[in-house]
Amino acid sequence: MALVSLTDVTKSYPPADRSGAPVVAVDAVSLDIEPGDVYGIIGYSGAGKSTLVRLINALEPATSGSITFDGRELTAMPERELRGVRLGIGMIFQQFNLFTSKTVWKNVAYPLTVAGWTKSEIRLRVDEMLEFVGLTDKANSYPEQLSGGQKQRVGIARALATSPRLLLADEATSALDPETTQEVLALLKRVNREFGVTIVVITHEMDVIQSIATKVAVMDGGRVIENGDVFDVFSDP
Ligand code: ADP
Ligand code: ADP
């Protein structure tokens, strides 16, 4: 069974002004993300990638169509249950979105505190996550004292602390130089292989897809214009 399944999903926003037409940000998209996939979603700015992420993450309702997470229909789910689904999804971002006034340690501890873990459980888990991303020696640093790559590693540790099944990476390497990008992608590959976490990688960069994704959907104008195994989609016809 697919971990995430979209069937004929459309998301439209009201017109910007009275005379305008509605903005169709995601247009009749169907795709299946299987457990263990590293699924790339590529497209130019405005293609609908971020909107698609917000739909998968249940941050916004679809206008029409069906979205399931682990076989459960999101479109009709009450808010309380949606919150539970969101806890099973980790996210990392282009601008890292770390708490600048919290130490690295506290950033990683934060979702565990929200989820109600005990102090001793939190201590063990944060130390384990910092070791995994190689930042044990930065536990008491603040985000502004870190490089971009280190900040994203904190983002990854924080996103994975609660053991989500799905990690959504929204342009997560777009603010990084090419070498750091490859380091972060290598870490994400380990996350996929060692923890079995399914990863969705949203990007406008072909290199990122080629480095990490096994499957890809190409978006343009809100539609998925092509999808399948990376090798098939990008090999010459
Ligand atoms: P991408 O992430 O690929 O750059 P987006 O999903 O951000 O694309 O945007 C797709 C289209 O939907 C764009 O035309 C954008 O202007 C529009 N859009 C996105 N979010 C909103 C919103 N909240 N309200 C109105 N229009 C939106
Ligand atoms: P508060 O935020 O309540 O003033 P602290 O920031 O000192 O307290 O830490 C709160 C908890 O977080 C403590 O119980 C401590 O065990 C844990 N903690 C904070 N930083 C670290 C760290 N670098 N290594 C291990 N545990 C830490």
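Heavy-atom accessible area per residue, region 1-156, 1.4 Å probe: how many Å²?
51
What figure, in Å² to the nearest 10, do you get for the accessible area of Thr180 with a 1.4 Å probe and non-protein molecules left out?
30
Greater than 28 Å separation of Cα atoms is the criterion. Which listed pairs, Lys11/Lys189; Lys138/Lys189; Lys119/Lys151; Lys106/Lys215; Lys49/Lys119, meet it?
Lys11/Lys189; Lys106/Lys215; Lys49/Lys119
With everything on Cα atoms, drop me the angle between helix 178-195 and the longest principal axis of the chain, reported from 0 to 90° to the nearest 10.
Roughly 90 degrees, rounded to the nearest 10.
Grab the other residues whose beta carbon is less than 12 angstrom from that of Thr162, score K and R as +1, D and E as -1, and report the net.
So the surrounding residues net to +3.
With the cut-off at 1.5 for a/c, could you classify region 131-196 from its C-alpha gyration tensor as rounded, prolate or oblate?
oblate
Quick one: helix 104-114 against the long Cα principal axis of the chain, what's the angle to the nearest 10°, folded into 0 to 90?
60
Could you please state, rounded to a whole Å, how far the C-alpha centre of region 140-161 is from the C-alpha centre of region 1-46?
If you average the Cα positions of each part, the centres end up 29 Å apart.
Under the 0.36 nm per residue contour assumption, what length would be gained going from the current alpha-carbon distance of Ser235 and Glu34 to full extension?
Here the answer is 70.1 nm.
Relative contact order of region 185-234: what whole-number percent is it, with Cα pairs under 8 angstrom and at least 6 residues apart?
Taking the mean separation of contacting Cα pairs over the length of region 185-234, I get 25 percent.
What number, in percent, do you get for the relative contact order of the chain if the mean sequence gap of Cα pairs under 8 Å and at least 6 apart is divided by its residue count?
28
Among Thr63, Gly155, Ser141, whose Cα sits farthest toward the positive end of the charge dipole of region 31-180 (+1 at Cβ of Lys/Arg, -1 at Cβ of Asp/Glu, about the Cα centre)?
Ser141
Find the centroid of the Cα atoms in region 67-121 and in region 186-237, then give the distance between the two in whole Å.
If we compute the Cα centre of each part, the gap is 23 Å.
Between Thr113 and Leu87, how many nm apart are label points set 7 Å from Cα along the C-beta direction?
A separation of 1.7 nm, rounded to one decimal place.
So what is the calculated 222 nm ellipticity per residue for the chain, using -39500 (n - 2.57) for each DSSP H run with n of 4 or more, over all residues, to the nearest 500 deg cm²/dmol?
Result for the chain: -10500 deg cm²/dmol, rounded to the nearest 500.
Hey, any idea what % of the chain's accessible area is carbon plus sulfur with a 1.4 Å probe?
Reported share for carbon and sulfur atoms: 50 percent.
For Phe99, what charge total do you get from the other residues with a beta carbon under 10 Å from its beta carbon, if Lys and Arg give +1 and Asp and Glu give -1?
Result for the neighbourhood of Phe99: +3.
Hey, what angle do you get for helix 119-132 against the long axis of the chain, alpha-carbon based, 0 to 90 degrees rounded to 10?
Between helix and principal axis, roughly 80 degrees.
Under 10 Å, Cα contacts only: if you run a Gaussian network model on the chain, which one of Gly88, Gly196, Gly71 comes out with the highest mean-square fluctuation?
Top of the fluctuation ranking is Gly71.
Which whole-number percentage describes the relative contact order of region 54-187, with Cα contacts under 8 Å and a sequence gap of 6 or more?
Once normalised by length, the contact order is 32 percent.
The values are calculated or read from the model by the stated rules, or taken from the named source; none is laboratory data. Note that the coordinates shown come from a computational prediction; the quantities given were computed from them, not determined experimentally. Cβ: placed from backbone, ideal geometry, glycine included. Neighbour counts: every protein chain shown. Heads up: the accessible areas ignore ligands, DNA and RNA and are worked out on the full protein's heavy atoms, side chains in. Shrake-Rupley method; radii C 1.70, N 1.55, O 1.52, S 1.80 Å.
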